[in-house]
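The block underneath contains the structure these notes are about, expressed in structure tokens.
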Amino acid sequence: MIRNIKGTKDLLPDDTVKWRFIESKIHKILNSYGYGEIRTPIFESTDLFIRGIGNETDIVSKEMYSWLDQGEKKLTLRPELTAPVVRSYIQHNLQSLGPIAKLYYFDSLFRRERPQAGRQRQFHQYGIEALGSEFPEQDAEVIEIAYNIYNQFNIKELSVRINTIGSSSIRENYIKILKKSLSKYKSYLSPISQKRLDNNALRIFDSKNEDDKKIVEDNAPFIFDHISDEDLNHFNQLKNILDKINIPYFHDKKLVRGLDYYTRTTFEITSKNLGAQDALCGGGRYDKLVKQLGGKNTPAVGFAAGVERLLMLINDDAFDQLDNIKIYISILGEQNIPDAMKIVSDLRKNTNLNINIESNRRSLKSQMREANRQKCSYVIIIGENELQSKIVLIKNMRNGEQEKIAIKDLNTYFDKNI
Ligand code: HAM
């Protein structure tokens, strides 16, 4: 048997109902904040991600699905959406549409990570990117949106961690200090961290190796302690707004995030109900990325959130009310099928009901069992006697009562009975 690839998932009808529910809610919320949806291609030039995310990051160095196509072009299935959105923003000159481009996405991504609960190789994110404002109120809005979406889904016990890693101008000096404090321990670091210490020392913070983590924890200075006065002022203004709008947060000086493009604000929202992969969403400011990818100097900030992880936290009760007005059509007698199907066809044209028709000619008992299994609220029984008397029999599956209804009254029957 051919099976799906490890780390990917089929979404079956019971799943897709839930997906559509959360998708439509997220579209509504993000539209209400003035964000417009963007959809970019599923693959891009590999170069976009190398230049955008950074060569030494885990994503680029180990997790990308890349290949050479027939024309020898290096392509990659997108492992994240910030770089593609920025590419599109530059290519379509979106800054000409107004001072701030507010964009959002809900799409699938690919990373070759070790699959486990909450971590897949094809996964989905929704996220936003606000391009054009350098001010902390934009950072606050982004964090508020990320947080409010969880609120709207009634998800509690969240932890919002924020930090600032300063503007890029302080980076060079900090990296010198970081290298100096870790070089004494270089021989104890894992080979990949040794390489990172030389090439991109900030990425040492991403190591999952226990020895590396201990050395970093004990010896690395916090970047927060080396930021400029302007950076600190930006961060303090952000905190002040978050306090005012009642977003509970914790300042975590260790939060640097694993992608190279961040400047100043970084943040993550985690849930202790998720297990090892506890990050629901992450984001921050990336003031240099647009320029770095060939556009004009444009400050920007955004976040992305894992859809699978959100789904893991939504209580099944939230989905119970979905699609509950279902009707099952039970047809008795082969000779009655065409007339019965005409009745159903008219009912469909005149109502928005969710109607499922028996097409396997089973006994009434089996059809009732099927209606129950599908959690139908009503069964409409159409047989010989009913057709002759121009009626149908309606069984209310919630209270077991049956009623005879004239076929001509069927279209309006459910208006008052739902
Ligand atoms: P990220 O932290 O790499 O950031 O991913 C954001 C979220 O995507 C994570 O917090 C997690 O919920 C989900 N996620 C990541 N990898 C997986 C996986 N293998 N399986 C399931 N879920 C996963 C970014 O992608 C940045 N582009 C965020 C951003 C937007 N920063 C600024 N704007």
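The table below lists the values:
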quantity: Failed item in (1) near the ligand (Cβ under 10 Å from one of its atoms); (2) among the charged types (D, E, K, R); (3) modelled with pLDDT under 95, with Lys254 passing the rest; calculated: (1)
quantity: Helices (runs of 4 or more DSSP H) completely within the stretch 1-96 that count 1 or more residues being within 13 Å of the ligand (Cβ to nearest atom); calculated: 46-53, 82-91
quantity: Any hit, the stretch 29-44, residues being surrounded by 15 or more Cβ atoms within 10 Å (Cβ to Cβ) and without any contact (Cβ under 8 Å) to a residue 40 or more places away in the chain; calculated: yes
quantity: Residue match in the stretch 189-201 (condition: touching a residue at least 40 places away in the same chain (Cβ under 8 Å) and within 20 Å of Phe135 (Cα to Cα)); calculated: no
quantity: Filtered residues of the stretch 110-127 (kept if more than 6 Å from the ligand (Cβ to nearest atom), out of contact with any helix residue (DSSP H, G or I) (no Cβ under 6 Å at 6 or more places or on another chain) and not small (Gly, Ala, Ser)); calculated: Phe110, Arg114, Pro115, Gln116, Arg121, Gln122
quantity: Test: Ala130 is in contact with a helix residue (DSSP H, G or I) (Cβ under 9 Å, 6 or more places away or on another chain), closer than 15 Å to Thr265 by Cα and within 10 Å of the ligand (Cβ to nearest atom); calculated: yes
quantity: In the stretch 287-316, the residues that are within 6 Å of the ligand (Cβ to nearest atom) and over 25 Å from Thr8 (Cβ atoms); calculated: Gly302
quantity: Test: residue in the stretch 199-221 that is within 28 Å of the chain's Cα centre (by Cα), more than 16 Å from the ligand (Cβ to nearest atom) and among the hydrophobic types (A, V, I, L, M, F, W, C); calculated: yes
quantity: Residue ID - farthest from the ligand (Cβ to nearest atom), chosen from residues in the stretch 262-286 that are surrounded by fewer than 19 Cβ atoms within 10 Å (Cβ to Cβ) and of a type in the set (A, V, I, L, M); calculated: Ala276
quantity: Filter result (in contact (Cβ under 8 Å) with a residue 60 or more places away in the chain and over 25 Å from Lys28 (Cα atoms)) within the stretch 67-111; calculated: Arg87, Ile90
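Matching residues to (1) surrounded by fewer than 17 Cβ atoms within 10 Å (Cβ to Cβ); (2) within 30 Å of Thr16 (Cβ to Cβ); (3) more than 16 Å from the chain's Cα centre (by Cα):
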{"position": "Tyr89", "(1), (2), (3)": "no, no, yes"}
{"position": "Ala101", "(1), (2), (3)": "no, no, yes"}
{"position": "Phe110", "(1), (2), (3)": "no, yes, no"}
{"position": "Arg114", "(1), (2), (3)": "yes, yes, yes"}
{"position": "His124", "(1), (2), (3)": "no, yes, no"}
{"position": "Ser133", "(1), (2), (3)": "no, no, yes"}
{"position": "Pro136", "(1), (2), (3)": "no, no, yes"}
{"position": "Asp139", "(1), (2), (3)": "no, no, yes"}
{"position": "Arg161", "(1), (2), (3)": "no, no, yes"}
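The values are calculated or read from the model by the stated rules, or taken from the named source; none is laboratory data. Predicted model only: the values in this text are computed from it and were never measured. In this analysis, Cβ positions are derived from the backbone assuming ideal geometry, glycine residues included, and neighbour counts consider all displayed protein chains.
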